[in-house]
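Below: one structure, written as structure tokens.
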Amino acid sequence: MRNDIIQNACDNALVVNTAASDWHGVATHVLAVETQGLPSRQDEIRERLLAQHGIYDRDGQIRATELTLRIKLAYSHGQPCVPELRNAEDETLLAGLYSLVEEGSLKTRILFASVSADTLMSPEIEYLPQQNVVFAVHAEVDDVPTLLPRIKHLIECGYRVVLDETGSDEALQPLVAATQAVRVDASRYDAIHLDSMLRSLRAMGARQLIAAHIRNAETLEVSRQLGFDLFQGAFVTQTGGKAGVDVPVNRLRVLELIDRVMAHTDMAEVEALLKMDAVLSYRLLRFANSAGCGVVHEVTSISQVLQQMGHGALYRWLTLLLHVSGKSGSTGQAVLKRALTRACFMQALAGKSLQPVNGDELYLTGLFSVLGEMLNMPMQDAVASLNLGSAIKQALVSGSGTHAGFLELALACEENNETRIANGSAQCMVTYIDVNIALINALISAEEAAL
């Protein structure tokens, strides 16, 4: 694949880099369309060009659908041809809207179309049906004198207009108050700044607020708690706009982690804190596996995830988590203590076994062995959102593989079953003395963790 074409993993749109040295600005969209000698159907071509993404309300109902390009042009604002490139994208988008109108397939559907300020000024957009189309436009402060009368005119004609991806600059207040809604990129902010922006926009007269680019459960839950009205993004589409039920995390532990991350503490120290908590570790791995986080490889250790995320992404996740967390009850604490005991026990035996085995993988296997119980669902479903290494997942889901033997030994120790302990020790190639020492140290570690 050429260097000037890259795949955007967040929204599955192909991005063409127009700033590449070998791009001459002639062709922007190339599609492989099999016609077999027959005229191409309009709906097939439109399907190849355009994608549709639901926008959900707080009850999980689709309120509108956004029409977006499957192929997008990547360009810097310093390029002289930026207006022409953006207009070309808008023309493709509007052509798709016109074709849907011609087919008569819109009926009562509401479609969002993100367009440039120049396109919004065009009289041609007024041929689209007012009851079906919502225009979303990004505006700078310099655009206010030009856009404000145009937006008011469109609203008088029956159209709806959304202010797209705006900040909370007070100079934009006339546009915020005039439009029907403001859309915010929720993935760009931590919970504190997201809350501050929402308050500012409400004070500026925003009628509705849309949280966009939601890629994980934490961002969706925080957006709901802060009072956003509508939600969209990869995670929202996957879950139907409803936040799942999560086991609460220990707020004191989260605050301690935030303090360490803000001080740019070495990741090894952060890892040591995280590894003591099964819920935090589970939610970290689930967040790391969400769209746009950047962790793309199979996970075999907490350290691997932390190094790929870095302090910035980790801080944003922790602030989101702080807003949706609470103190777990006594039953939950008992389960977490059991998980930590298993994890420490299994990791300790990795260094004593006569067979080669990864201690970090054994730790995660033990730590996540209670996920089904914590989440009240089958283990296979519990680990589905985690990109765990195959050996870990095999042990947890099917109870097979080398790691499963160490987990079986941990379970045997919990039940104090002498026969199973003897058989498990032999299978894991560890001595009975090593098992006893590892178990005592694991119990001490779990008690000292103050879960």
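What follows is calculated from the coordinates using simple rules that are stated; it is not laboratory data. If you're wondering where the values come from, they're calculated on a predicted model, not measured in any experiment. Quick reminder, even Gly has a Cβ in these numbers, built from the backbone with ideal geometry, and neighbours come from all protein chains shown.
Projection of the Cα convex hull of segment 336-451, averaged over all directions and equal to a quarter of that hull's surface, yields 6.8 nm².
Using packing as a proxy for protection, rank 177-183, 425-431 so that the peptide with the highest average count of other Cβ atoms within 10 Å comes first. Can you show the working numbers first?
Values: 177-183: 21.3, 425-431: 17.7.
Top to bottom by mean Cβ count within 10 Å: 177-183, 425-431.
All Cα-Cα distances of segment 246-451, cut into 5 Å bins from zero to the largest, leave 1, 8, 16, 20, 20, 17, 10, 5, 2, 0 percent in each bin in turn.
Here each label is just a point 7 Å from Cα along the line to Cβ, and for GLU269 and ILE437 those points are 3.0 nm apart. Charge tally for LEU128 (other residues, Cβ to Cβ under 12 Å; Lys, Arg +1; Asp, Glu -1): -2.
For LYS152, the aspartates and glutamates whose Cα falls under 18 Å of its own Cα, not counting residues fewer than eight places away in the same chain, are ASP118, GLU124, GLU126, GLU140, ASP142, ASP143, ASP164. How large is log10 of I(q)/I(0) for segment 99-249 at q = 0.12, 0.14, 0.17 Å⁻¹ when the intensity is taken from the Debye formula with one equal scatterer per alpha-carbon? For segment 99-249 at q = 0.12, 0.14, 0.17 Å⁻¹, log10 I(q)/I(0) is -0.55, -0.72, -1.00. Near VAL335, once Lys and Arg are set to +1 and Asp and Glu to -1 for all other residues with Cβ below 13 Å from its Cβ, the sum equals 0.
In this structure, the amide hydrogen of PHE112, modeled 1.01 Å from its nitrogen in the peptide plane, lies closer than 5 angstrom to those of THR65, GLU66, LEU67, VAL134, counting only residues at least 5 positions away or on a different chain.
Placing +1 on each Lys and Arg Cβ and -1 on each Asp and Glu Cβ, with no other charges, gives segment 246-451 a dipole about its Cα centre of roughly 360 debye.
Specify, per residue and in Å³, the volume enclosed by the convex hull of the alpha carbon atoms belonging to segment 341-387.
Values: hull volume 3.4 nm³, N = 47.
It comes to 73 Å³ per residue, whole-number rounded.
Which aspartates and glutamates have a Cα lying under 20 Å from the Cα of LYS393, excluding residues fewer than 8 positions away in the same chain? Partners found: ASP277, GLU298, ASP360, GLU361, GLU373, ASP381, GLU408. Ordered by the count of other Cβ atoms within 10 Å of each Cβ, fewest first, ILE110, ILE210 give ILE110, ILE210. Of the trypsin sites (Lys or Arg not before Pro) found in segment 340-437, the ones in coil according to DSSP and having at most 16 other Cβ atoms within 10 Å of their Cβ are LYS352.
Fully extending the segment from ASP259 to GLU448, taken as 0.36 nm per residue of separation minus the present Cα-Cα distance, adds 66.0 nm.
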